[in-house]
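Presented below is the structure to which this report refers.
All of the numbers you see were taken from the coordinates with simple rules; none came from a lab. Predicted, not measured: the structure shown is a model, and the values here were computed from it.
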């Protein structure tokens, strides 16, 4: 099951076992964070033109894109 915001973006997901994930977006509609059913969050950041700049995984791993 999926939950959507007024802009049609997925903001929540429930799997068949009832575990929920949530999704947050920035003011430009880009994915900012995803939280999994174990409450672990992966964060996304973007450069001024809107390109994906880095991802900080739930385990603390940080990946940068040049």
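Here the extension length gained between residue 5 and residue 56 equals 16.0 nm, from 0.36 nm per residue of separation less the Cα-Cα distance. Directionally averaged projected area (the chain, Cα convex hull): 5.1 nm².
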